[in-house]
Amino acid sequence: MKMFMKGLLITVLACLLALTTACGSNQSSSTSNSDGDGEKKEKLIVGTDAAFAPFEYMDKGEIVGFDMDFLDAVMKEAGYEWEPKNIGWDPLFEAVRQGKEVDMAISGITINDDREKTFDFSNPYFESTHMVMFKEGTDIQTAKDIEGLTVGVQNGTTGQAAAEKIMGDKSSNIKKFENNVVAIMALKNNDVEAVVTDNTVVNEYVKNNPEDNFKTIEDPENFESEFYGLMFPKDSELKAEFDEAIKEVIESGEYAKIYEEWFGKEPNTDHLLEQAK
Ligand code: ARG
């Protein structure tokens with residue numbers, strides 16, 4: 001009897017072991033499926049200029065924002081570990097071009113022909129346009145009214161280009177700042193009379209700083225629609241991988257979830273997917 005029980009116990013244990021192993025191997029095969037060939041994940045360093053809320057900004061020593069949450073979802077989908085690196089706007093372009101300090105960039109970067117000469121961009125992940133922000137009492141009805149005023153922009157942005165289109169690209173009334181936060185500071189301090197920057201950033205600022213009592217205008221006739229993309233060094237293999245991952249994150253509904261968390265409304269993902277090349 002004793003022997004029989006022992007035998008049974010051994011059989012049960014052996015079966016359990018077999019089951020666990022079967023279960024274990026099953027699990028590992030599904031993991032290696034989602035990770036490609038199951039090799040150790042590569043870690044990507046992603047450059048940004050974290051002074052552009054709500055896309056990327058510093059909060060308690062951490063870089064946060066829509067771009068960070070969106071990219072995190074995309075990185076998971078593509079199977080990469082990653083880390084953002086706050087290096088500032090102007091240095092970002094040279095850093096991505098050289099591909100040494102950073103592997104790629106996310107920073108509310110507008111895809112345009114000029115930049116596409118030097119960089120590769122992912123398919124669009126966000127639609128944007130420009131807005132003018134100014135103090136109450138300044139007479140601005142349309143974007144054209146910034147002509148003759150002093151206007152603050154972030155240096156080297158499409159906001160600068162939008163202001164130049166109206167005021168002329170040599171206009172000394174366009175004041176170029178290192179980042180968007182100092183451009184807005186300049187408006188607060190009356191160093192400029194208006195700021196031209198991305199619409200979502202303007203709306204976020206006004207929402208968070210009602211005491212400033214800044215006024216804003218949109219102007220679809222003078223400010224074109226544009227799209228943000230991830231920026232890579234020219235001919236980077238990452239582009240194709242990330243286009244795939246972005247598509248999946250949008251189609252799975254994850255994009256909409258993140259978008260709604262940040263903007264409190266539904267995104268037009270069809271319009272976004274239509275832009276893909
Ligand atoms: N979308 C504009 C551009 O690409 C402004 C982006 C600025 N981004 C930032 N993180 N400062 O020129």
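The values are calculated or read from the model by the stated rules, or taken from the named source; none is laboratory data. Predicted model only: the values in this text are computed from it and were never measured. For neighbour counting, all protein chains shown are included, and Cβ atoms are generated from backbone atoms with ideal geometry for every residue, glycine included. Ligands, DNA and RNA are excluded from the accessible area calculation, which covers all protein heavy atoms including side chains. Shrake-Rupley method; radii C 1.70, N 1.55, O 1.52, S 1.80 Å.
Here are the numbers for this structure:
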{"read-out": "Highest-MSF residue in the chain out of MET167, MET131, MET104 [GNM, Cα springs under 10 Å]", "value": "MET167"}
{"read-out": "Average Cα contact separation per residue, the range 150-276, under 8 Å, 6 or more apart, as relative contact order %", "value": "18"}
{"read-out": "Modelled label reach - ASN155, point 7 Å along Cα→Cβ, the range 165-183 residues with backbone N closer than 16 Å", "value": "172-183"}
{"read-out": "Principal axis dimensions, largest first and in whole angstrom, of the range 83-222 by Cα", "value": "47, 31, 26"}
{"read-out": "Centroid-to-centroid separation of the range 211-241 and the range 62-141 [C-alpha atoms, Å]", "value": "8"}
{"read-out": "Accessible area of the chain belonging to carbon and sulfur atoms, whole % at 1.4 Å probe", "value": "50"}
{"read-out": "Solvent exposure ordering (accessible area, 1.4 Å, most first) of SER225, SER128", "value": "SER225, SER128"}
{"read-out": "Inter-label distance, nm, simple model (7 Å from Cα along the C-beta direction), ASN203/GLN141", "value": "2.5"}
{"read-out": "Rg followed by Dmax, in Å, when the range 116-174 is reduced to its Cα trace", "value": "13.9, 43"}
{"read-out": "Label-point separation, ARG115 to ALA240 (7 Å along Cα→Cβ), nm", "value": "2.4"}
{"read-out": "Efficiency of FRET from Cβ geometry, ASN190 and SER252, R₀ 45 Å, rounded to 0.05", "value": "0.40"}
{"read-out": "Theoretical FRET efficiency, 1/(1+(r/R0)^6), r = Cβ-Cβ of GLU274 and ASN213, R0 25 Å, to 0.05", "value": "0.05"}
{"read-out": "Residue-normalised accessible area of the range 89-195, given per residue in Å² at a 1.4 Å probe", "value": "44"}
{"read-out": "By accessible area with a 1.4 Å probe, ligands and nucleic acids excluded, highest first: order of THR269, THR48", "value": "THR269, THR48"}
{"read-out": "Reference-scaled alpha-carbon Rg (2.2 N^0.38 Å with N residues) for the chain", "value": "1.34"}
